Amino acid sequence: MNEILYENISVDDLTFDEFNEKNIRVSVLRLDKIHPLISGNKWFKLRFYLDEARKQGKKSIVTFGGAWSNHILATAAACRIEKFFSIGIIRGEAPTTLSLTLEKAKELGMQLTFINRDEYKQKNIPPQLQASEHFFIPEGGYGDPGVKGASTILDHCNKEEFSHICCAVGTGTMLAGLINASSSNHFITGISVLKNNPEIDSNVRLLVNANKKNYEIIHDYHFGGYAKYKPELISFMNSYYSRSNIPSDFVYTAKLFFAIADLIQKNYFSSGSRILIVHSGGLQGNDSLEKGTLIF
Ligand SMILES: *Cc1c(COP(=O)(O)O)cnc(C)c1O
């Protein structure tokens, strides 16, 4: 199993005419390149949880996610590298055929336990998993150790070159880490990929340092809701790839890239802005799309 390769992270410039015309520079921080399975931000959010589990002498990690969850696969792979046993509590009834994501997680040694959607919502932990040898990581790594890990993301670029930092928002853990690592010269914009999720603002507020106000969460680019998409998003992904050679995933980063392009068009960013878009990985989720949908 490959180790995490931080040295693979690059900052790629997007030299699109429509950005140049607005006098805006756009770069992409390629966290997607650190590992084929532990994609992008998931490693950053997991690392301090795993350190803590080791400190507490725990042998196994338990976490939560859906059938196509980047977090589940990343946890399975990270546990394999870090020599923990891993258990995934998966939302929904056990299917007759596993998703490719769960198939891979299982191959990596993760034990899968399915619980129905109601119990999942209530975060009911099956009794057989309520043992003291287990270390629990919240869904998506939401919580202070996740934020602390995400706050090290910007160590992998020259952050003072940028005026704006933009990322996709699920639980808001990564956004909170980026906000905490930012200076007062930065403005951070988070693009929520969920529909009707106003709680995200207070969830993020709970995780950021009290004095931080240099950020905004935008709710207009969910394309129908979490893991939902429209043909417009798919054609955007394909054209974006052919123009930049940067692949995106339809759940998170495609909505982010789309949003930033649209916001530039609508003059959300002032002339002279230097934008860093965080490519947070997640490409494996595209396996849930019908073959041939994407050109990459
Ligand atoms: C999980 C994930 C996110 C969301 O991160 P949060 O910290 O939960 O907001 C964004 N992008 C990708 C690719 C992800 O897999």
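All of the numbers you see were taken from the coordinates with simple rules; none came from a lab. None of the values given here were measured: they were computed from a predicted structure. Don't worry about glycine lacking a Cβ; one is built from the backbone with ideal geometry, like all the others, and counts go over all protein chains shown.
Suppose the filter is over 24 Å from residue 137 (Cβ atoms) and either free of Cβ contacts under 8 Å to residues at least 40 places away in the same chain or within 15 Å of the ligand (Cβ to nearest atom) (or both); does residue 179 pass it? Judged against the criteria, residue 179 is not a match.
Within region 177-194, restricting attention to residues that are touching a Phe, Trp or Tyr at 6+ places or on another chain (Cβ under 6 Å) and in a loop (DSSP other than H, G, I, E, B), the residue that is surrounded by the fewest Cβ atoms within 10 Å (Cβ to Cβ) is 194.
Among the residues of region 135-170, those that are β-branched (Val, Ile, Thr) and more than 12 Å from residue 27 (Cβ to Cβ) comprise 137, 147, 152, 153, 169.
Among the residues of region 270-296, write down those that are more than 16 Å from the ligand (Cβ to nearest atom) and surrounded by fewer than 19 Cβ atoms within 10 Å (Cβ to Cβ). Within region 270-296, 270, 271, 272, 273, 274, 290, 291, 292, 293, 295 qualify.
Each residue in region 255-277 was checked for being more than 19 Å from the chain's Cα centre (by Cα) and part of a helix (DSSP H, G or I), and 5 of them qualify. Residue 80 fulfils the conditions (1) touching a Phe, Trp or Tyr at 6+ places or on another chain (Cβ under 9 Å); (2) closer than 26 Å to residue 177 by Cβ except for a single criterion, (1). Residues in region 155-176 that are in a helix (DSSP H, G or I), under 13 Å from residue 280 (Cβ atoms) and either without any contact (Cβ under 8 Å) to a residue 60 or more places away in the chain or more than 9 Å from the ligand (Cβ to nearest atom) (or both): 156, 175. If you filter region 15-45 down to residues that are away from the ligand (no atom under 16 Å from the Cβ) and within 21 Å of the chain's Cα centre (by Cα), you find that the one that is surrounded by the fewest Cβ atoms within 10 Å (Cβ to Cβ) is 27.
Kindly evaluate residue 267 against the criterion of being away from the ligand (no atom under 13 Å from the Cβ), in contact (Cβ under 8 Å) with a residue 12 or more places away in the chain, exposed (fewer than 11 other Cβ atoms within 10 Å of the Cβ) and more than 19 Å from residue 178 (Cβ to Cβ). So residue 267 passes the test. When residue 259 is tested against the conditions (1) buried (at least 16 other Cβ atoms within 10 Å of the Cβ); (2) without any contact (Cβ under 8 Å) to a residue 12 or more places away in the chain, the lone failure is (2).
For region 117-142, what are the residues that are within 15 Å of the chain's Cα centre (by Cα) and surrounded by 18 or more Cβ atoms within 10 Å (Cβ to Cβ)? Those that are within 15 Å of the chain's Cα centre (by Cα) and surrounded by 18 or more Cβ atoms within 10 Å (Cβ to Cβ): 139, 140, 141, 142. Condition first: assigned to a helix (DSSP H, G or I) and in contact with a strand residue (DSSP E or B) (Cβ under 7 Å, 6 or more places away or on another chain). Can you find one or more residues in region 236-254 that meet it? Yes, some residue in region 236-254 is assigned to a helix (DSSP H, G or I) and in contact with a strand residue (DSSP E or B) (Cβ under 7 Å, 6 or more places away or on another chain).
Within region 46-103, restricting attention to residues that are among the aromatic types (Phe, Trp, Tyr) and not in a helix (DSSP H, G or I), the residue that is farthest from the ligand (Cβ to nearest atom) is 85.
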